[in-house]
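**Student:** Quick one: structure below, then a few questions.
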Amino acid sequence: MKQKKWIAWFMILALTITFAMPLTAWAEKKKNGDTFIVGFDAEFPPYGYKDDNGEYVGFDLSLAEEVCKRRGWTLVKQPIDWDSKDMELNSGSIDCIWNGFTMNGRESAYTWSVPYVDNSQVVIVKRNSGISKLTDLVGKTVVVQADSSALAAFTSEDASEENKALCESFKELQQVSDYNSAFMNLESGMVDAICMDIGVANYQVKSRGDTFTILEELVSSEAYGIGFKLGNEALRDQVEETLQEMVADGTFDQIADEWGLSDCICLAKALEEKENGTADYAKEDEITSGENKETGLEENDGKSLLVMDIVSQLGKGMLATLAIFVLTLLFSMPLGLLLTFVRMSKWKPVQWIAKIYISIMRGTPLMLQLLVVFFGPFYLFGVHLSNSYRFYAVIIGFSLNYAAYFAEIYRAGIQSVPQGQREAAMVLGYSRIQTFGKIIFPQMVKRVMPPVTNEIITLVKDTSLAFALAYTEMFTLAKQIAAANTSIMPLFIAGVFYYIFNFLVAFVMEWIEKKLDYYR
């Protein structure tokens, strides 16, 4: 016995050393400044995306690779959730945000490099849509990426009065997590237009053939920079110094030409303006950085939110989450029971249909199923559905998915009832319907309560996947508020809501379970 104990302790020690050594080496590298972690949105071509070979590539990543090569750093390409970029940067998980990152409106929130790309916000529509200028968007549905420059151009405090008025004239301004979803919405007719960066727009329109066109009028003009954590001028200066070398020897222009962005670059001009002290952004950055280095709090204090303010803003999202939860249960639980009967049918073809359905629902991601339900009618049958179908698609997708799980839980409960009870009911003259309704079903309900409770609790948390269809529920709203205010507090409050909600669900289900303990 002692020998086995020593062997177990030796294995634990060996595993600890095995995992600790790489972590220690990584930490040492990080300490010595040998590792440069670039945070980027992996769905933002041509600046950063995953190519056909499964590699992360793009204009910005090519620049980062060259900088790291010249400085002897190891580049780590870190895809991030764009809504969480501030938390990634402030926590030290990444060293910078380098991904077509707009400086305008964010000048005081980060330590910026000089701008290296001149960029503008443009509108993309379908060809022959009848939309040829911005005023034609009145009464139309427009989609933007969450926490993007396009969104800021319409809704931020710095947005022009013309853009604010234009936004108010829209039927709706929707947000999606990525541009691929935006184009799927536009192609299927769910929205009328997309607003996005011109560099990305040119890439997307060119790669998608003659289906779309870009309006000539610009929504706004802006500049791209590299965003570092506020106060990290040392790392910013090192990167800028290397970029200046790349401009001098022509490497920067060469990389821009490879990605078809030669007409957009402005790094040489920006470096010259900074050196001459004529760049407004440089002066503003110095003042802001100085203020924040002294106090460390002034920037966040201006954006701080009270808990009640956050709860108030989350109110609409909470109602959306509750609607998804209640309606999914309302439809999926009886549908699951019906699916159970089909699954237990003695007719083999019908039984196999149910088996295949359950296998697909349980074997594929819920997010994929939501996308199929929403976009399937258009891509499979060419059916154009109204924008209101978005909510219905969420409920249909959730209900179909959870019905498969409930069906298997019900089946296990039914089959756990002893066969002798069915035989006894038959002797007493009960029909099959009476046997199930009066004998089998009550016992099944009691036996399946624990696993059903687990599924219901999971459903509460899964409601956040509704954002895959650009339907804004509570957690999505919390991420947007957190991103806008550079505060993690909205996420904590959302977490508290989920916990309280699940606590109440568990309490009610436990109460029902005790009520069903009739034999005690």
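The values are calculated or read from the model by the stated rules, or taken from the named source; none is laboratory data. Owing to the predicted nature of the structure, the values given are computational and were not obtained by experimental measurement. Cβ sites come from the backbone with ideal geometry, for glycine too, and all protein chains shown count toward neighbours. Areas reflect the complete protein model, heavy atoms only, side chains present, ligands, DNA and RNA absent. Shrake-Rupley method; radii C 1.70, N 1.55, O 1.52, S 1.80 Å.
**Student:** Could you check, for region 396-409, whether at least one of its residues is open to solvent by 30 Å² or more (accessible area, probe 1.4 Å), under 21 Å from Ser345 (Cβ atoms), aromatic (Phe, Trp, Tyr) and in a helix (DSSP H, G or I)?
**Tutor:** Yes: one or more hits.
**Student:** Restricting to region 252-280, and then to whatever is surrounded by 17 or more Cβ atoms within 10 Å (Cβ to Cβ) and under 31 Å from the mean Cα position of the chain (by Cα), can you tell me which residue is modelled with the lowest pLDDT? Spell out how you get there, then give the answer.
**Tutor:** From region 252-280, those surrounded by 17 or more Cβ atoms within 10 Å (Cβ to Cβ) are 252, 255-256, 259, 261, 264-265, 267, 270-271, 273-274, 279; that's our starting set.
Among the residues that remain, those that are also under 31 Å from the mean Cα position of the chain (by Cα) are: 255-256, 259, 261, 264-265.
Details: Ile255: 95, Ala256: 92, Trp259: 90, Leu261: 86, Cys264: 83, Ile265: 87.
Taking the candidates together, the pick is Cys264.
**Student:** Just to be sure I understand, how many residues within region 113-124 are modelled with pLDDT under 95 and either more than 30 Å from Ala234 (Cα to Cα) or among the acidic types (Asp, Glu) (or both)?
**Tutor:** Qualifying residue count for the region: 3.
**Student:** Here is a follow-up. Within region 53-126, considering only strands (runs of 3 or more DSSP E) that don't extend past its boundaries, which have at least 2 residues that are within 30 Å of Glu216 (Cβ to Cβ) and open to solvent by 40 Å² or more (accessible area, probe 1.4 Å)? First the steps, then the outcome.
**Tutor:** Details: elements: 74-79, 96-102, 117-126.
Strands (runs of 3 or more DSSP E) meeting the threshold: 117-126.
**Student:** Hey, another quick one. From the list Glu187, Glu172, Glu162, which residue is surrounded by fewer than 19 Cβ atoms within 10 Å (Cβ to Cβ), free of Cβ contacts under 8 Å to residues at least 24 places away in the same chain and charged (D, E, K, R)?
**Tutor:** Values: Glu187 fails: free of Cβ contacts under 8 Å to residues at least 24 places away in the same chain; Glu172 fails: free of Cβ contacts under 8 Å to residues at least 24 places away in the same chain.
Selected residue: Glu162, the only one of Glu187, Glu172, Glu162 that is surrounded by fewer than 19 Cβ atoms within 10 Å (Cβ to Cβ), free of Cβ contacts under 8 Å to residues at least 24 places away in the same chain and charged (D, E, K, R).
**Student:** If you take the residues in region 308-342 that are surrounded by 15 or more Cβ atoms within 10 Å (Cβ to Cβ) and β-branched (Val, Ile, Thr), which one is farthest from Val496 (Cα to Cα)? Spell out the reasoning first.
**Tutor:** Taking region 308-342 and keeping what is surrounded by 15 or more Cβ atoms within 10 Å (Cβ to Cβ), we get 310-311, 313-314, 317-318, 320-325, 327-329, 331-333, 335-337, 339-342.
Among the residues that remain, those that are also β-branched (Val, Ile, Thr) are: 310-311, 321, 324, 328, 340, 342.
On the way: Ile310: 12, Val311: 11, Thr321: 14, Ile324: 19, Thr328: 22, Thr340: 35, Val342: 40 Å.
Among residues in region 308-342 that are surrounded by 15 or more Cβ atoms within 10 Å (Cβ to Cβ) and β-branched (Val, Ile, Thr), the one farthest from Val496 (Cα to Cα) is Val342.
**Student:** Another question, if that's okay. Please go through (1) at pLDDT 90 or above; (2) open to solvent by 80 Å² or more (accessible area, probe 1.4 Å) for Val373 and return the number of the only condition it doesn't satisfy.
**Tutor:** (2)
**Student:** Among the residues of region 416-449, write down those that are over 17 Å from Asp517 (Cβ atoms) and of a type in the set (S, T, N, Q). Let's see the steps before the verdict.
**Tutor:** Restricting attention to region 416-449, the residues satisfying the condition of being over 17 Å from Asp517 (Cβ atoms) are 418-440.
Listed by number, the residues that qualify are Gln419, Gln421, Ser431, Gln434, Thr435.
**Student:** Can I ask one more? Please determine, by comparing only the residues of region 130-152 that are small (Gly, Ala, Ser) and at positive phi, which one is surrounded by the most Cβ atoms within 10 Å (Cβ to Cβ). Spell out the reasoning first.
**Tutor:** Applying the first criterion (small (Gly, Ala, Ser)) to region 130-152 yields 130, 132, 139, 146, 148-150, 152.
Applying the additional criterion that residues be at positive phi yields 130, 139.
Working: Gly130: 8, Gly139: 10.
The qualifying residue surrounded by the most Cβ atoms within 10 Å (Cβ to Cβ) is Gly139.
**Student:** Scan region 343-365 for residues that are among the hydrophobic types (A, V, I, L, M, F, W, C) and crowded, with 18+ Cβ neighbours inside 10 Å and report the count. Steps first, please.
**Tutor:** Of all residues in region 343-365, those among the hydrophobic types (A, V, I, L, M, F, W, C) come to 344, 347, 350, 352-354, 356, 358, 360-361.
When the remaining residues are screened for being crowded, with 18+ Cβ neighbours inside 10 Å, the result is 354, 358, 361.
Here the count works out to 3.
**Student:** Is region 344-353 home to any residue that is in contact with a helix residue (DSSP H, G or I) (Cβ under 6 Å, 6 or more places away or on another chain) and basic (Lys, Arg)?
**Tutor:** No - not one qualifying residue is present in region 344-353.
**Student:** Filter region 175-184 for residues that are touching a residue at least 60 places away in the same chain (Cβ under 8 Å), open to solvent by less than 20 Å² (accessible area, probe 1.4 Å) and of a type outside the set (Phe, Trp, Tyr); which is nearest to Asp210 (Cα to Cα)?
**Tutor:** This residue is Ser181.
**Student:** I would also like to ask the following. Any residue at all in region 302-314 that is at pLDDT 85 or above, out of contact with any Leu (no Cβ under 7 Å at 6 or more places or on another chain), among the charged types (D, E, K, R) and more than 27 Å from Asp192 (Cβ to Cβ)?
**Tutor:** The answer is no, given that none of the residues of region 302-314 is at pLDDT 85 or above, out of contact with any Leu (no Cβ under 7 Å at 6 or more places or on another chain), among the charged types (D, E, K, R) and more than 27 Å from Asp192 (Cβ to Cβ).
**Student:** Sticking with this one: Can you pull out the residues in region 440-455 that are open to solvent by less than 40 Å² (accessible area, probe 1.4 Å) and in contact with a Gly (Cβ under 6 Å, 6 or more places away or on another chain)?
**Tutor:** Met444, Val448
**Student:** Glu423 passes all but one of (1) under 24 Å from Ile358 (Cα atoms); (2) in a helix (DSSP H, G or I); which number fails?
**Tutor:** Only one criterion in (1) under 24 Å from Ile358 (Cα atoms); (2) in a helix (DSSP H, G or I) is unmet by Glu423, namely (1).
**Student:** Among Gly139, Gly130, Gly209, which is the only one that is at pLDDT below 85 and over 25 Å from the mean Cα position of the chain (by Cα)? Spell out how you get there, then give the answer.
**Tutor:** Working: Gly139 fails: at pLDDT below 85; Gly130 fails: at pLDDT below 85.
It is Gly209.
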